[in-house]
Amino acid sequence: MSSQSRRIARVLLDSPLPQLDRLFDYAIPDALGEVPLGVRVRVPLRTAGRVIDGYVVELDDEDDADRPLSEVESVVSTVPVLPDRLHRLARRVADRAAGSESDVLRLVIPKRQVRVEKAWTADSEPVRPGVAERTRATEVVAAYDGLAEVLTSGGRAAVEAIPQPHGDVLGWAALMASTATAMLEEGRSSILIVPDHRDLDRLRAALDELVPAEAVARYDSRQTNPDRYRAFLRSLEDAPCIVIGNRSAAYAPVVAGLVAIWDDGDPLLGEPLAPYVHARDVALVRQEQEGSALLFVGHSRTTDVERLVSHGWLSDVRATRRVLPRVSLSTPQELEQPAPQRLPSSAFLSARAAAAEGPVLVQVSRPGFAPTLVCAECRAPARCAHCGGPLGAAHRGAVPVCAWCGRGARAWSCPACSSTKLRLASSGSERTADELGRAFPGIRVIVADSAHPIERVADKPSLVVATRGAEPVADGGYRAVVLLDGPRMLQAPDLRIGESCLRWWSNAAALAAPGAPVHLVGVDGGVARALATWNQSGYARAELAERAPLHMPPAARVALVEGTKAALDRALGSLSELALPPDAVLGPVPIDSDDLPPRLRALVRFDYSAGARVATALRAALVAEAVGNRRGRGRTVRNPLSIKLDILDPEL
């Protein structure tokens, strides 16, 4: 370095402002000594007149020492929390979603915990864990045709999980744990992503049988800040490990040999914070950059994954020996009844016989006693006379109560037919348990829902009434599974409701013991046939074919653009040079809110090939609105424009 040159650091500021989403040059004073790449620093932000946190992304020597530059004020920590591989991933994900890199990093880099960091830096010898159980992991991987080749070659696959459990471990958990164990045996790290803490506990139980505890780094939203930071530091080490966690684990800074996602259709894997990137998309970007093996594991198949399979980008991996659930559908006579029974005789007799031997699962759509009420005469929804909210009953014989304002409706009468009689529109988990308790005398009834979480039930006679997604695991599997409220589930105004129902039913059916009957009540059509034949991928292909002419996701990408009329017009105008189809923009339509000035919403549909250009144009519009919206001395008000790419269900 010449006498006229100086050291500079290019810093990414930790700021949500879109106009600051770039690298800023700062001079490194001699007093700071060596400043490593990826460390946290404090730097001045002259326009705001304050000091802000940031990350050192690049280091350089500059010959033009006369250029006015602010200096790095301090190094917060010498731990490189932003390695280059994490920076490149976060930058690529942010660009694809028209978001800010700092928003992405905020999801994965925890707040600094000084004591944890000091203990980690003092332990300079990283632990290189071995594999506790090789044989079982090898057997599980070998049960899937072509899976071993995908792992060794860094391939990509959609894997249909075997429904039946492996001992006390669920089949999907045994599969994911075994693939990660195979990678660990080769000295490579893995990232295993699941939707919620229940799945995380089941996956950890499967790993405990195969690898030592020190081989696992757990990313869990329920963790304390020190535990979260400790797991993050473990994933920074050179020693291989298995990272397990929820959606943010997709960004874990390990050198991954495998990224696997369980049940990618679960909405919990969609990030609710800006830039709103689904864990599936993060995994796809990561595999493209790093060349790791990539697995999407599930009992059912999302249309997003099926689209990649149909393009040949993902291979279709299935078990060599498929032992599938025995699914029965409602008979035509049962479907044609004017007032169909909630539990038809065929399902009732099957459940009664099975309940005498072991646990029986009954899946319902909603928790509680009676979610909604309707007029007993004309079936009009029962509404509160004061605010118009829906009426419900807390328990049998209770006074109807409004779900919005909480007022009781003692003297309710129907505005359509003047009837004063009410009836249930549907039964929740508690009411269903009450009804089944009378129909199955002497059999224990267990309720499992969000208010009564249960992880496991014993292999004893019982009826387990569970809401979708809250089904506990039964020792040895359920002796029968009854899926109720299917017609009501399918009535939801959701583009993906068919594949969502198929996913809920498939996951519940997978909990049945080998050969146990599974009854889907009151549903016919393509989704019912897909469950009965266990052909979820065929249903996903049919859904794709229907959405393609409409340019609806995932056949096309869709951006949701919201803002004031002027800001929205400018943003949509910036897309005029991209040669999108004439019908690419839907809307704008007003948003029902109290915002002033009023805000509008529009959808922009575009092909995947135009994704980079659309994201760049919308991002530029967002930055322009942010810069033009500055008020006073560095203060800003709400950005009049907001953008969300790759929405799953367009709703105007």
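Before moving on, here are some points about what is shown:
- Per-region count, the stretch 462-485, residues small (Gly, Ala, Ser) and within 23 Å of the chain's Cα centre (by Cα): 3
- Residue ranges of helices (runs of 4 or more DSSP H) in the stretch 51-125 with at least 1 members over 21 Å from LEU17 (Cα atoms): 84-96, 114-122
- Here ILE52 clears all of (1) in contact (Cβ under 8 Å) with a residue 40 or more places away in the chain; (2) within 19 Å of ILE109 (Cβ to Cβ) except the condition numbered (1).
- The listed residue being at pLDDT 95 or above and within 17 Å of LEU107 (Cβ to Cβ), out of VAL243, VAL297: VAL243
- Restricted to strands (runs of 3 or more DSSP E) entirely inside the stretch 131-230, those with at least 1 residues that are charged (D, E, K, R) and under 23 Å from the mean Cα position of the chain (by Cα) are 156-160, 216-219.
- Of all residues in the stretch 233-279, exactly one satisfies the criterion of being buried (at least 24 other Cβ atoms within 10 Å of the Cβ) and of a type in the set (Lys, Arg), namely ARG247.
- Listed by position, the helices (runs of 4 or more DSSP H) enclosed by the stretch 249-360 that each have at least 3 residues that are in the same structural domain as ARG488 (by TED's automatic domain parsing) and in contact with a Leu (Cβ under 9 Å, 6 or more places away or on another chain) are 345-355.
- Residues (surrounded by 12 or more Cβ atoms within 10 Å (Cβ to Cβ) and of a type in the set (Ser, Thr, Tyr)) located in the stretch 332-351: SER346, SER350
- Any chance VAL211 is within 25 Å of LEU236 (Cβ to Cβ) and either touching a residue at least 24 places away in the same chain (Cβ under 8 Å) or crowded, with 24+ Cβ neighbours inside 10 Å (or both): yes
- Elements of the type strands (runs of 3 or more DSSP E) sitting completely within the stretch 397-515 and holding at least 2 residues that are polar (S, T, N, Q) and within 13 Å of LEU361 (Cβ to Cβ): these cover 462-467.
The values are calculated or read from the model by the stated rules, or taken from the named source; none is laboratory data. Everything numeric here is computed off the predicted structure, so don't read it as measured data. Because the Cβ atoms are built from the backbone with ideal geometry, glycine has one as well, and the counts that use them run over all protein chains shown.
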